[in-house]
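Everything on this sheet refers to the single structure shown next.
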Amino acid sequence: MARFPKVRLGHFPTPLEPMDRLSEKLGGPRLWVKRDDCTGLSSGGNKTRKLEYLMADAQKHGADTIITQGATQSNHARQTTAAAAKLGMECHILLEDRTGSNDPSYILNGNVLLDQLHGATISKRGGGTDMNAEMQALAETLLAEGRTPYVIPGGGSNAIGALGYVNCARELAEQAAGTGLRIDALVHATGSSGTQAGLVTGLAAIQSDIHLLGIGVRAPQEKQEQMVFDLAQKTADHLGTGQIIQRSAVRANCDYVGPGYGLPTDGMIGALKLLAQTEGLLFDPVYSGKGLDGLIDQVQKGYFDGMDNVVFLHTGGSAALFGYPDTFGLPGYKE
Ligand SMILES: *Cc1c(COP(=O)(O)O)cnc(C)c1O
């Protein structure tokens, strides 16, 4: 891993903590949380690990401007704007309206507020826009103006960004070994697939038998698993260790997406409130809240029966909560 250029942006290793009140309540395996919501950069989240490699690559290419894209309440866009600020680069983000919401909180608060505080130039696009084409067009415009742009794909999910989660697999394994903990399973929300692809590759590289399960937040299962598998293979090629990725190591459960990406579900709301009130932890409505819904439901359905220790990778995102204030049925808020 040391061969790959990396710029330090976050706080690592992130803590691994037990969730004993939740475990007791659910009555299944002992549940743990890997705190990648505490990666530091601009209220944290999983994109920090990816950006350490992506921004180093941008610097290697002499970039002075970063371009990336995401949904309106993209955590990835927010973390990228912060990383660019820290490294003294300009940042342009293209935000796609994937939910059709006109709620002022959704379109201006939460991550959108933070994007602006970090000094990013924001432009919005309608749902279904070819965002990669839009980023290329913007890159060409900026090039013509004499800038040196570097395009980061949505979610920071390519073979360079995924290296961050190859590293995380090793970090987690070392953390567990250091405290004599045997981790049976690792669960997390999966979207643009870089997190899971990196973990699949990283766990394979250290020959770990930890059972990895992604909880999908957008695509149907077959498509999600294929995306993860393809990127894991590219990541393994990029690593250059000759690692063979097993298709069977890629598992996504996409039963918790609900009506669509970024649209709340009752399960997410229940899970998010439960964690806020049993563990004092904040999750987000788009990713980690749906991931938790999947974790809790699968504990209750016996998926982890026979396992002793299950870790939930907290991928962050709580800044998005302020884009969804009316979602939780709380007194004083709209229905
Ligand atoms: C981006 C994101 C994810 C999903 O990670 P991918 O690498 O895109 O699959 C999960 N949780 C949060 C909070 C995120 O911002």
Q: For the range 1-120, give the magnitude of the charge dipole about the Cα centre (Cβ charges: +1 Lys/Arg, -1 Asp/Glu; no others), in debye to the nearest 20.
A: 520
Q) Sequence-distant or interchain residues sharing an amide H contact under 5 Å with Arg125, placed H: which? A) Leu95, Glu96, Asp97
Q | Gaussian network model of the chain, Cα within-10 Å springs - most flexible of Asn46, Asn253, Asn102 | A | Asn102
**Q.** √(5λ) per eigenvalue of the Cα gyration tensor, the range 171-308, largest first, Å
**A.** 26, 19, 12
Q: Please give the length that would be gained between Arg8 and Thr141 if that part of the chain were fully extended, namely 0.36 nm times their separation in residues minus their C-alpha to C-alpha distance (nm, one decimal).
A: 44.9 nm
**Q.** Cβ-Cβ FRET estimate between Ile244 and Thr179, R0 fixed at 41 Å, reported to 0.05
**A.** 0.85
Q. How big, on average over all directions, is the shadow cast by the Cα convex hull of the chain, in nm²?
A. 16.2
Q | For the chain, built as a Gaussian network whose Cα springs stay under 10 Å, the top-fluctuating residue of Val299, Val112, Val311 | A | Val299
Q) Trp32's amide H: which non-local residues (gap 5+, or another chain) put their own amide H closer than 5 Å, with H modeled 1.01 Å from N in plane and none for Pro or chain starts? A) Met19, Val310, Val311, Phe312
Q) How much length is gained on full extension from Lys223 to Leu113, taking 0.36 nm per residue of separation minus their Cα-Cα distance? A) 36.4 nm
Q. Taking the Cα atoms of the range 58-146, what is the range of coordinates along each of the three principal axes, in descending order and whole Å?
A. 39, 27, 18
Q. Based on DSSP H runs of at least 4 residues, each adding -39500 (n - 2.57), what is the mean residue ellipticity at 222 nm of the chain after dividing by all its residues, to the nearest 500 deg cm²/dmol?
A. -12500 deg cm²/dmol
Q | Burial order of peptide ranges 217-227, 242-252, 121-131 (average beta-carbon count within 10 Å, highest first) | A | 217-227, 242-252, 121-131
(Q) List the residue ranges in the chain for DSSP H helices whose C-alpha atoms run 15 angstrom or more along the long axis and whose Kyte-Doolittle average is 0.5 or above. (A) 131-144, 194-205, 266-278
Q) Once you put a point 7 Å from the Cα of Gln207 and another 7 Å from the Cα of Met1, both along the Cβ direction, what distance in nm separates them? A) 1.9
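Read-outs throughout are calculated quantities, based only on the coordinates presented, and are distinct from any laboratory measurement. The structure presented is a predicted model; accordingly, all values stated were derived computationally and were not measured. With ideal geometry, Cβ positions are generated from the backbone for all residues, glycine too; neighbour counts draw on all protein chains shown.
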